[in-house]
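What follows is one structure encoded as structure tokens, with my remarks underneath.
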Amino acid sequence: MANYNFSMFTVLVVEDNRYMRSMLRTLLYALGVGNVVTAGDGGEAIELLRKVKENPTEAGIGAVDMVFSNWQMEPVDGTMLLKWVRRSKESPDRFVPFIIVSGYADFQRVSVCRDLGVTEFLAKPYSVDNLLGRLTALVERPRQFVLIESYFGPDRRRRPSPTPLERRVMKESEMEIIYDDR
């Protein structure tokens, strides 16, 4: 794993548990992230992101480079925040890397996040190596974004399919690649 300089990144941490929010913030700083801003739930995060779009000077940050959000929060949880970021016209950056952090990492929940457009999933409890792995994956393996009628987000296919049969309902010619830096 290569060493990267994350000092130019601004990361938004959205976590309702004060201790977990502080711990993730501290770990990100320890890994060299330059600026970490926090929100106590998805609603606070939406307000912060709106402020960043409308008046970056007042918000105190120019942009958010990635989001780490807990899944389970009240009143606005991580999946609602993810939907807003990916689908809302008010979102300052629909392409921002979005990492869901959750103690519930069963297949169903990970699939729900994947289908909503999450970039990465980080299961609690996590180690510094797990956290660094997610940050590094964002740098080393950026994914193209796909827009189809029912989905907008990073391409959900991470590796070639082991089956030779194509299971997509839409034809590739009907899909629109929104972003691909390859």
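It is to be established whether one or more residues within the range 27-46 are closer than 16 Å to M8 by Cβ, out of contact with any Lys or Arg (no Cβ under 8 Å at 6 or more places or on another chain) and among the β-branched types (V, I, T). Even if it seems obvious, please write down each step before you answer.
As a first pass, look at the range 27-46 and keep what is closer than 16 Å to M8 by Cβ: 28-29, 31-37.
Okay, now just the ones that are also out of contact with any Lys or Arg (no Cβ under 8 Å at 6 or more places or on another chain), so 28-29, 31-35, 37.
Among the residues that remain, those that are also among the β-branched types (V, I, T) are: 33, 37.
Among the residues of the range 27-46, at least one is closer than 16 Å to M8 by Cβ, out of contact with any Lys or Arg (no Cβ under 8 Å at 6 or more places or on another chain) and among the β-branched types (V, I, T), which makes the answer yes.
What residue, among those in the range 51-84 that are aliphatic (A, V, I, L, M) and touching an Asp or Glu at 6+ places or on another chain (Cβ under 6 Å), is nearest to R25 (Cα to Cα)? Walk me through it before giving the result.
Within the range 51-84, the subset aliphatic (A, V, I, L, M) is 52, 59, 61, 63-64, 66-67, 73, 76, 80-82.
Applying the additional criterion that residues be touching an Asp or Glu at 6+ places or on another chain (Cβ under 6 Å) yields 73, 76.
Values: M73: 18, V76: 20 Å.
The residue in question is M73.
Has the range 73-89 got any residue that is of a type outside the set (V, I, T), under 20 Å from S22 (Cβ atoms) and under 11 Å from the mean Cα position of the chain (by Cα)?
Within the range 73-89, one or more residues are of a type outside the set (V, I, T), under 20 Å from S22 (Cβ atoms) and under 11 Å from the mean Cα position of the chain (by Cα).
If you take the residues of the range 2-15 that are surrounded by fewer than 19 Cβ atoms within 10 Å (Cβ to Cβ) and not hydroxyl-bearing (S, T, Y), which of them is modelled with the lowest pLDDT? Even if it seems obvious, please write down each step before you answer.
Of the residues in the range 2-15, the ones surrounded by fewer than 19 Cβ atoms within 10 Å (Cβ to Cβ) are 2-5, 7-8, 10.
If we keep only those that are not hydroxyl-bearing (S, T, Y) too, we end up with 2-3, 5, 8.
On the way: A2: 63, N3: 82, N5: 90, M8: 93.
Within the range 2-15, the match that is modelled with the lowest pLDDT is A2.
Can you find even one residue in the range 49-62 that is buried (at least 20 other Cβ atoms within 10 Å of the Cβ), farther than 27 Å from D129 by Cβ and touching a helix residue (DSSP H, G or I) at 6+ places or on another chain (Cβ under 8 Å)?
Narrowing the range 49-62 to residues buried (at least 20 other Cβ atoms within 10 Å of the Cβ): 49, 52.
Filter again for farther than 27 Å from D129 by Cβ, leaving 49, 52.
Of the ones still in play, those that are also touching a helix residue (DSSP H, G or I) at 6+ places or on another chain (Cβ under 8 Å) are 49, 52.
Yes, because at least one residue in the range 49-62 is buried (at least 20 other Cβ atoms within 10 Å of the Cβ), farther than 27 Å from D129 by Cβ and touching a helix residue (DSSP H, G or I) at 6+ places or on another chain (Cβ under 8 Å).
List, please: which pairs have Cβ atoms under 8 Å, are six or more places apart or on different chains, and start with a residue in the range 25-40 that is within 15 Å of L135 (Cα to Cα) and end with one that is part of a helix (DSSP H, G or I) and charged (D, E, K, R)?
V36/R25
Select from the range 117-155 the residues that are modelled with pLDDT of 90 or more and touching a Leu at 6+ places or on another chain (Cβ under 8 Å) and list them in ascending order. Don't jump to the end; show me each part of the working.
Our first condition is that a residue be modelled with pLDDT of 90 or more; within the range 117-155, this holds for 117-136.
Passing the criteria: G117, V118, T119, E120, L122, V128, N130, L131, L132, R134, L135.
Just the residues that are touching a Gly at 6+ places or on another chain (Cβ under 7 Å) and charged (D, E, K, R), please, taken from the range 75-110.
D77, R86
The values are calculated or read from the model by the stated rules, or taken from the named source; none is laboratory data. Owing to the predicted nature of the structure, the values given are computational and were not obtained by experimental measurement. As a convention, Cβ positions derive from the backbone with ideal geometry for all residues, glycine included, and neighbour counts pool all protein chains shown.
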